[in-house]
Amino acid sequence: MSVFLLPRRILLAWLLLAGWLLTSAGAHAAEPADARRAAFKQAYAAAQQGGNDWQPLATSLHDYPLYPYLPAAALQHDIQQIDRASVESYLAQYPDWIPAADLRRAFLRELARRQDWSTFLALYQPGLGDTLACDALQARLAGGGTLDFERDLATLWARPSLPDACDPVLAAAHDQGLLTDARLWTRIDRAADAGQAGTIANLASWLTEPGRASALQLAQALRDPAAALNAARSWPDQPRQRQAATLALVRQARRDTDAADTAWQQLRPRFRFSESQRNQVMQTLALYHATDFDDGALARLIALPATAQTDGTREWRVRVALARQDWSAVLAGLDAMPASQQQDGEWQYFRARALAALGRGDEARRLLDAQADQPTFFGFLSADRLDQPYAICPLTLADDPQREQALLANPGLLRAFELYAVDLPKLARREWARALQDADPATQRMAADLANRRGWYDRAVFTLSSGDALRLYDLRFPLASQDGLVPQAAQAGIEPAWAYGILRAESAWMSDAQSGADARGLMQLLPATAALVAKRNGLDWGGGDTLYDPATNIALGTRYLAQMAARFNGSPWLASAAYNAGPNKVEQWLAARGTLAPDLFVATIPYKETREYVARVMAFSVIYDWRLSGDTVVPLATRMGPIGQPYALPTAATTRRAVACPAEAAPAPAVAGSVSP
């Protein structure tokens, strides 16, 4: 039996689907019933196993808006057995659907594996990625064609790395004499900048000597900089050897700053490094000495020539001075920054801190007063120092029934909502992106609101990311009571506002989030960590995939947060750093700089990601506290108590700070589709 419907049935399905869409545009009640969604999920699970077993389960789904995903899933599973006619039939029926594009890609990959090049070329379309682009070139070569560098290879050649499918094409280009030494070196230089040692090594074999040896030196500089630096003592003073030595020094500085320093002193008189190369090495060494807070780090940063200074070196000059609490050096470092960098809220705050420490209180208060109007980490810290209310000015979306109805008539957006409802969030995001790719900001905001009403919270977080939309706090900082965070946090013995802040910073409410390290779900737990937490707390553990269930993830995530807090005297800000960088790293930093005030300690965390993470989580905790309480919050200064001082959970007796909206922040009257107070 064919997996496809007869043409008459197809026409009927499309008519029914069109009717469903029109009805949906007029009322939420027309959304598919839970029973139909359950039937689709069952049929989809069967379709993912291939064959036709899904069809009896889908007899009532022909008019369901996601029906075309079912035959596509079956075809994708059976990709090695299906024929061209089956694929072309699906593509003809659903030419503009995302599953059709996926099926085309999958079948083209299969045709390349079969080396069925004539069928491949018949179905191929440009713009399907580098792998298929190279397969298409291989298909042309198999048919007796030749390559033209500018037409066929110039775009691919600009990539620092290419998929394996390109290897036969590049070999053919070499055999045609298209890969000249000049072209090879252009790509090798790009690969060196991107740290792609494998690409360099592969290209080196096509170079003539002495270029081949020079390219291999570059590859060694990336792979084993210590060995490269040792070998460099016998290299000739030629441009390519200077390039490799510079690269090795920079890479080694990240691994062993002292060893890189020694090598620099040995190689500096041997090679005629360019000014740019010298600056690159010196600024890298200075930065890594700074992140180690070495005794001479501040002097190194100050001594860098002007041409070697970057925003990074200037920033770290201030951070090292903050670690020493050398307030005059802090001001000098801030003054050395360009005006644009000085205006950053962090540096305005620390300028005020330095001025206050040096007895210039009036100047400090003026700076703090300007910062205290911002609902940010440094804005809240500034308000605490001035004992002022926190400035949070919420906005809400204005009603726009016409725009809402237009969105509810958008088939792609409705498919996105329905895919999310049947627990296929990755596919839902793809439909969302396509449906809204040309939408104006007001339409995107309305779509985010519609998603939020359906429990799809991450759409608002990602959509409302600039301008006045940042003040749509009810959408950007949702309170998902159905996931049980508040009671789970209470059972774990931690503050719900802090747990919400961690969740928001970790996943932005994307329940299927997965990091490169395999951290999963809302609170980004590693399966191994989650298993230990479950065992320690007597909680059920069903394996790593259960972390994509919000309730399970939150139950385990709040317990793990409680573990981190207990390790650091209950301190939420130190536990936040540990949650991001690991508790052992935080303990190392405490051993080195544990006498600093909390704001100074955060500023001197060596990892940029962790510094920003702690600031983000603590600011989010304030906003979530306000969302939960409605008018007052626990001050950030209370949550960020001194290092070593036990932190007690807030009680009814805890002093709280008022939240107010400064008069000058009040928005203008709303227009249709915009935000309003």
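No lab work stands behind these numbers, since they all come straight from the coordinates. Note that this is a predicted model, so its numbers are computed, not measured. FYI the Cβ positions are ideal-geometry reconstructions off the backbone, even for glycines, and counts take in every protein chain you see.
Miscellaneous remarks
- When you restrict to C-alpha pairs under 8 Å that are six or more residues apart and normalise by the size of the chain, the relative contact order lands at 9 percent.
- Segment 117-238 - Rg over Rh from alpha carbon coordinates, Kirkwood radius: 1.06
- Leading residue at positive end of dipole, the chain (Cβ point charges), from A603, Y613, W541: A603
- Using the Cβ-Cβ distance between R254 and Q437 with R0 = 41 Å, the FRET efficiency computed as 1/(1 + (r/R0)^6) comes to roughly 0.60.
- For the pair segment 308-363 and segment 84-134, the centres of their Cα atoms are 57 angstrom apart.
- In Hz, Karplus ³J(HN,Hα) per residue of segment 92-101 (6.51, -1.76, 1.60; θ = phi - 60°; x = Gly, Pro): 6, 6, 10, x, 9, 8, 4, x, 5, 5
- Kirkwood-Stokes translational diffusion coefficient of the chain, alpha-carbon pairs, 10 °C, 1.306 mPa s, µm²/s: 54
- Ranking G501, I643, S515 by Cα position along the charge dipole of the chain, where only Lys, Arg, Asp and Glu carry charges on their C-beta atoms, puts I643 farthest toward the positive end.
- Per-pair calculated FRET efficiency, R0 = 30 Å: R268 and D175 via Cβ, rounded to 0.05: 0.10
- Viscosity 1.002 mPa s, temperature 20 °C, Stokes-Einstein D of segment 402-486 from Kirkwood C-alpha radius, µm²/s: 163
- Karplus 3J(HN,Hα) series, Hz, for segment 332-338 with 6.51 cos²θ - 1.76 cosθ + 1.60 (x for Gly, Pro): 4, x, 5, 5, 7, 6, x
- Relative contact order for segment 481-660, counting Cα pairs under 8 Å that sit 6 or more residues apart, in percent: 22
- Principal axis box of segment 481-660, alpha-carbon based, largest edge first, Å: 42, 39, 26
- Order by protection proxy (mean Cβ within 10 Å, highest first), peptides 458-471, 241-254, 83-96: 241-254, 458-471, 83-96
- Peptide packing: for 607-613, 212-218, the average count of neighbouring Cβ atoms within 10 Å per residue gives the ranking 212-218, 607-613, highest mean first.
- Computed [θ] at 222 nm, helices only, for the chain once each DSSP H run of length n ≥ 4 contributes -39500 (n - 2.57): -18500 deg cm²/dmol
- Antiparallel DSSP beta bridges within the chain, as percent of all bridges there, nearest 5: 75
- Report note on the peptides 614-623, 360-369: ranked by the mean count of other C-beta atoms within 10 Å, highest first, their order is 614-623, 360-369.
- For segment 624-631, Karplus couplings with θ = phi - 60° (6.51, -1.76, 1.60), whole Hz, Gly/Pro x: 5, 4, 5, 4, 7, 9, x, 8
- Kirkwood hydrodynamic radius of segment 181-287, Cα pairs, Å: 13.6
- If only the Cβ of Lys and Arg carry +1 and only the Cβ of Asp and Glu carry -1, the dipole of the chain around its Cα centre is close to 1000 debye.
- Amide H contacts under 5 Å for L525, placed H, 5+ residues apart: R520
- Selection from V318, M282, L247 lying farthest towards where the dipole of segment 231-325 points positive, charges on Cβ: L247
- Residues with amide H under 5 Å from that of L397, placed H, sequence gap 5 or more: S676
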